[in-house]
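Asker: Quick one: structure below, then a few questions.
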Amino acid sequence: EAQVTQNPRYLITVTGKKLTVTCSQNMNHEYMSWYRQDPGLGLRQIYYSMNVEVTDKGDVPEGYKVSRKEKRNFPLILESPSPNQTSLYFCASSLFPGSSYNEQFFGPGTRLTVL
Amino acid sequence: SQQGEEDPQALSIQEGENATMNCSYKTSINNLQWYRQNSGRGLVHLILIRSNEREKHSGRLRVTLDTSKKSSSLLITASRAADTASYFCATDGNRDDKIIFGKGTRLHILP
């Protein structure tokens, strides 16, 4: 089954404790992306990746890191989480943007709470 | 920088009526997409319209695109209770590879 998986689905942590949210897709997609969703603000892109070893900042990259060592995986790293990073996070993938085939497939979401 | 802005923010209609949501954006685009999100869950792609298209249909969905006004509309005909969700437009700029979502329209279908 074609899908995007994220882990963990729920996470409560404390300020400053490094964490990683994993994302994996099995569709051989070129493009992968992380978003955060906050009430009243919609989805905002954090980072995206066009392909292996190619990553770029989205609109809200501060406080986050990503890596793309393999095509299928795109982990989101919070080196020193802060309470303002409490949010619902989505990973998504698509064939490639700018084309007629860039329907994005979304993971189920990770609800992160930073105390 | 929020590219897409949907309106209205919230919409309540009776089952069976048509629902129309609008999206405006700021810069030139390659294509525009509409997504649906059921409460707290992942987004589901509904329809994509290319910048050189003006209208597209998919089942009960009709999307229009007016690049001169930088706007799009999503029409859901003969609404059903299952259409209750939030709807987002998303654009990809043709100068970079970012994808930008609007803040969404919350649609509530009343029985």
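Asker: Give the residues of region A:1-17 that are within 16 Å of A:F105 (Cα to Cα), in a loop (DSSP other than H, G, I, E, B) and in contact with a strand residue (DSSP E or B) (Cβ under 9 Å, 6 or more places away or on another chain), sorted by residue number.
Answerer: A:A2, A:Q3
Asker: Within region B:85-111, work out how many residues are crowded, with 18+ Cβ neighbours inside 10 Å and not in a strand (DSSP E or B).
Answerer: Qualifying residue count for the region: 5.
Asker: Would you mind finding the one in B:E6, B:E55, B:E17 that is buried (at least 20 other Cβ atoms within 10 Å of the Cβ) and either modelled with pLDDT of 95 or more or charged (D, E, K, R) (or both)?
Answerer: B:E6
Asker: Considering only region B:81-92, how many residues are touching a Pro at 6+ places or on another chain (Cβ under 9 Å) and either of a type in the set (D, E, K, R) or closer than 17 Å to B:S51 by Cβ (or both)? Full working, then the answer.
Answerer: Here is the first cut: in region B:81-92, the residues touching a Pro at 6+ places or on another chain (Cβ under 9 Å) are B:81, B:92.
Okay, now just the ones that are also either of a type in the set (D, E, K, R) or closer than 17 Å to B:S51 by Cβ (or both), so B:92.
Adding up the residues that qualify gives 1.
Asker: Also, I was wondering about something else. When region B:25-56 is examined, which residues are found to be free of Cβ contacts under 8 Å to residues at least 60 places away in the same chain and farther than 30 Å from A:T5 by Cα?
Answerer: Residues satisfying the conditions are B:K26, B:S51, B:N52, B:E53, B:R54, B:E55, B:K56.
Asker: So for region A:72-86 (the condition being within 11 Å of another protein chain (Cβ to nearest Cβ) and polar (S, T, N, Q)), does at least one residue qualify?
Answerer: Within region A:72-86, not a single residue is within 11 Å of another protein chain (Cβ to nearest Cβ) and polar (S, T, N, Q).
Asker: For region B:1-74, list the strands (runs of 3 or more DSSP E) that sit wholly inside it and hold at least 3 residues that are closer than 28 Å to A:Y89 by Cα and within 12 Å of another protein chain (Cβ to nearest Cβ); which are they?
Answerer: B:29-37, B:43-50
Asker: If I ask for residues that are farther than 18 Å from B:G42 by Cβ, more than 13 Å from chain B (Cβ to nearest Cβ) and either in contact with a strand residue (DSSP E or B) (Cβ under 7 Å, 6 or more places away or on another chain) or modelled with pLDDT of 95 or more (or both), which ones from region A:18-63 would you list?
Answerer: Selection gives A:K18, A:L19, A:T20, A:E62, A:G63.
Asker: Which of the residues spanning region A:41-86 are assigned to a strand (DSSP E or B) and more than 18 Å from A:T20 (Cβ to Cβ)?
Answerer: A:G42, A:L43, A:R44, A:Q45, A:M50, A:N51, A:V54, A:D56, A:K57
The values are calculated or read from the model by the stated rules, or taken from the named source; none is laboratory data. Predicted model only: the values in this text are computed from it and were never measured. Because the Cβ atoms are built from the backbone with ideal geometry, glycine has one as well, and the counts that use them run over all protein chains shown.
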